[in-house]
Number of protein chains: 2
Amino acid sequence: MIETPYLLFLGDAPDQLAAKVAQGIKDWRPENAVGQFRLAGCAATVGLKDMTLAEAKAAGAKTLVIGVANRGGTISQAWKEVLIEALGMGFDLASGLHNLLGDEGDLVAASQVNGQTLHDVRVPNVQYPIADGTKRRGKRVLAVGTDCSIGKMYTALALDAAMQKRGMKSTFRATGQTGILITGSGVPLDAVIADFMAGAVEYLTPDNDDDHWDIIEGQGSLFHVSYSGVTLALIHGGQPDALILCHEPTRKHMRGLPGYGLPTIGQVGELALTLARVANAQCQIAGISINTQHLSAQEAQAYCEKIEAEYGLPTVDPYRHGAERLAEALEKL
Amino acid sequence: MIETPYLLFLGDAPDQLAAKVAQGIKDWRPENAVGQFRLAGCAATVGLKDMTLAEAKAAGAKTLVIGVANRGGTISQAWKEVLIEALGMGFDLASGLHNLLGDEGDLVAASQVNGQTLHDVRVPNVQYPIADGTKRRGKRVLAVGTDCSIGKMYTALALDAAMQKRGMKSTFRATGQTGILITGSGVPLDAVIADFMAGAVEYLTPDNDDDHWDIIEGQGSLFHVSYSGVTLALIHGGQPDALILCHEPTRKHMRGLPGYGLPTIGQVGELALTLARVANAQCQIAGISINTQHLSAQEAQAYCEKIEAEYGLPTVDPYRHGAERLAEALEKL
């Protein structure tokens, strides 16, 4: 659990895209951030107030979150000075970089002076159990996709927001670095040891109120040969009551696999449902989420209508149309 | 790669079952073992000549293999004395115990004196790549099961023996501790980091002659919620040309999961084939392997005949009937 609120470190981000993590925090958990910290030459902003470390401290910030992906994943000397100063002032640090905070001797030393915590969210800090498949109370919904990086996290966060707005009980459950930094907790599933993957998902989505929904962030795809095992661990560890199928209609091949075409939404739904029913015989497909970023507004609307007619399931782009209809579908289940 | 031949360390094994790993080496790779080493009170034998360390050394043994599973998985003081003496005489050590050799300071120190190697086959010692799904030359067959611990390793080893006997080119590819100790190499798949599981299987089964078969040891089951992700990584990383379906007909529920019934052989075949064809559109089911250890000879025969008639696939218990018909089926593919 990362202590909130955060000060978002944008460093010397070369462009807006590099600040994706910070933007995600600002978009989805604005209450978690008091401001942003930028170095000279920073070309990104998430539209929060620029603050010094002292100003952020005075505003109540507990953790300096590295909200920027740098090239090569290394921690530069220019960053180091700020990070060490922040530790000295009592901030914890949190990062999803490949270059772990905990591998940097000077950061470790500085953190030990006053007992600050270095959160490397890319690596697990919990001994997860082996999954035991016991049926848990409460409800769970999982986003599964035709491919990787297709909008599953966005869909889950938008669904969480829509459910809260309807007065439903829900919790977004992060399974990747960005989601963990946005919400302050979760399981970095792709870094978990094989035997404990499904157990980590059970750990992440424990017993809850009967009318509470865990919205589990999906990873990979059953049809992506590099990561499909992670996807199946989510399906079996999450024992979802409902699935949301995610798709991006302009993609030509599976991400990073030029020889592999995308499956249809129907193929993903059928296979995911068959597998999900091993762990939860009641599982149903609740709706379809389309990532229409490469379509015009008109094309997006037409595509969603076509898919909705084809599958008979509520179909939206949560970014363009909101996730209300998906939340409504879950409420009806 | 563990250097052969071995001296098999049976320690103070309380019964024959505890010496399962040593027995596996003796059964499947007798040429890999020069003899066995037993302590006072050892209640097991694998029928090899009892040797002192010096006798084994003289017979050419390179590695002392801990061929016994002890209770609790710890390395006792009585064992330590032998292991340290062996290191001093130039033996490497190999073990699949939870208690790692490399975590024992006195063993590490003794191994460093003459540069001996401590092989802990339960943990990976390779940085596996992320799977890229590239089609590889050569053929691959994978054993998939209705459940865990159902005879997949035995089936694969028996198939390998039968194929060699027919003059086919084949290699057993170990994916678990016991298989790795038997053959001297492999991938401890359940201990690999999630993102690299399928890549580890690709690494294990590289390009080969067009008429060469990799026989990949299966793990878990698509229907076992604790380990299914590992099974899918084997299916997608292994890109098998053929599947062998494994089943044990008297099992009442999935191993360790009292609430979960077993799927039928047909359900496993259909699901595994659908998933396998994502990575290899030519994949076929070649045959069925039944573990009939809890049936009489007559019941076993009748059960195999019934399944063979039901699915139209060669069906044998490799232990009772040999794996020749499975090898023959692969040859015909």
Percent of alpha-carbon pairs separated by more than 20 Å within the stretch A:236-302: 42
Gyration tensor (Cα) of the stretch A:270-328, equivalent ellipsoid semi-axes in angstrom: 25, 12, 10
From phi via Karplus (6.51, -1.76, 1.60), per-residue ³J(HN,Hα) for the stretch B:133-139 in Hz, x at Gly/Pro: x, 4, 5, 9, 6, x, 10
Principal axes of the protein assembly as shown: Cα extent on each, largest first, Å: 78, 61, 46
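For the stretch B:207-333, just run the numbers: alpha carbon Rg, then divide by 2.2 N^0.38 Å, N being how many residues it has. All intermediate terms of the calculation are to be shown ahead of the outcome.
Numbers: Rg = 14.9 Å, N = 127, 2.2 N^0.38 = 13.9 Å.
That works out to 1.07 for the stretch B:207-333.
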Of B:Gly96, B:Gly218, B:Gly167, the one that fluctuates the most in a GNM where chain B has Cα springs shorter than 10 Å: B:Gly167
Residues losing 50 Å² or more accessible surface upon assembly, the stretch B:151-193, compared with the chain by itself, 1.4 Å: B:Asp190, B:Ile193
Fraction of accessible area attributable to carbon and sulfur, the stretch A:196-333 (%, probe 1.4 Å): 48
Dipole of the stretch B:152-218, positive direction: furthest Cα of B:Gly176, B:Ala194, B:Ala161, with charges on the beta-carbon: B:Ala161
Heavy atoms of A:Phe196: accessible area, 1.4 Å probe, square angstrom to 10: 70
Share of carbon and sulfur in the accessible heavy-atom surface of the stretch B:57-109 [1.4 Å probe, %]: 54
Among B:Leu181, B:Leu245, B:Leu100, residue whose mean-square fluctuation peaks in a GNM of chain B (springs only between Cα atoms under 10 Å): B:Leu100
Other copies of A:Asn99: label-to-label distances in nm, shortest first, labels 7 Å along the beta-carbon direction: 4.2
Rotationally averaged projected area of the stretch A:50-196 (alpha carbon convex hull; nm²): 11.9
Difference of contour (0.36 nm per residue) and Cα-Cα distance, A:Lys332 to A:Asp211: 42.4 nm
Cα lying deepest toward the dipole's positive end in the protein assembly as shown, options B:Ala300, B:Leu142, A:Thr63, charges on Cβ: B:Ala300
Along principal axes, Cα extents of the stretch B:142-190, largest first, whole Å: 32, 26, 13
Rg over Rh, two decimals, the stretch A:103-178 (C-alpha only, Kirkwood Rh): 1.09
Karplus 3J(HN,Hα) series, Hz, for the stretch B:245-253 with 6.51 cos²θ - 1.76 cosθ + 1.60 (x for Gly, Pro): 8, 10, 8, 10, x, 9, 5, 8, 8
Calculated label separations, A:Ser149, copies of the chain, 7 Å along the beta-carbon direction, nm: 4.1
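Specify, per residue and in Å³, the volume enclosed by the convex hull of the alpha carbon atoms belonging to the stretch A:17-58.
Residue-normalised Cα hull volume stands at 68 Å³.
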Above-threshold pairs, the threshold being 27 Å between Cα atoms, out of B:Lys169/B:Lys252; A:Lys139/A:Lys252; B:Lys20/B:Lys135; A:Lys26/A:Lys165; B:Lys49/B:Lys152; B:Lys26/B:Lys135: B:Lys169/B:Lys252; A:Lys139/A:Lys252; B:Lys20/B:Lys135; B:Lys49/B:Lys152; B:Lys26/B:Lys135
Accessible area buried between chains A and B, both sides summed, probe 1.4 Å, in Å² to nearest 100: 2700
Among B:Ile193, B:Ile150, B:Ile216: highest mean-square fluctuation, GNM of chain B, C-alpha pairs under 10 Å: B:Ile193
Residues in the stretch B:261-279 occluded by at least 10 Å² - accessible area, probe radius 1.4 Å, against chain by itself: B:Leu271, B:Thr274, B:Leu275, B:Val278, B:Ala279
Relative frequency of Cα-Cα separations exceeding 17 Å in the stretch A:129-234, percent: 52
Per-bin percent of Cα-Cα distances, chain B [10 Å]: 6, 25, 32, 24, 11, 2, 0
Rough spin-label spacing in nm, given labels placed 7 Å along Cα→Cβ, for A:Asn114 and A:Gln298: 5.9
Per residue accessible area of chain B, 1.4 Å probe, in Å²: 40
Nearest-20 debye value, chain B charge dipole, Cβ charges on Lys, Arg, Asp, Glu: 320
Relative intensity, log₁₀ I(q)/I(0), of the stretch A:30-115 from a Debye sum that treats every alpha carbon as a point, q = 0.10 Å⁻¹: -0.24
Sparse-neighbour loop sites [chymotrypsin sites (Phe, Trp or Tyr not before Pro); the stretch B:281-333; at most 16 other C-beta within 10 Å; DSSP]: none
Distances in nm from B:Ser296 to the matching label points in the other copies, shortest first (labels 7 Å along Cα to Cβ): 7.8
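The values are calculated or read from the model by the stated rules, or taken from the named source; none is laboratory data. A quick note: this is a predicted structure, and the numbers were derived from the prediction, not measured. We place every Cβ from the backbone using ideal geometry, glycine too, and count neighbours over all the protein chains shown. Protein only, heavy atoms only, side chains kept; ligands, DNA and RNA dropped before computing areas. Shrake-Rupley method; radii C 1.70, N 1.55, O 1.52, S 1.80 Å.
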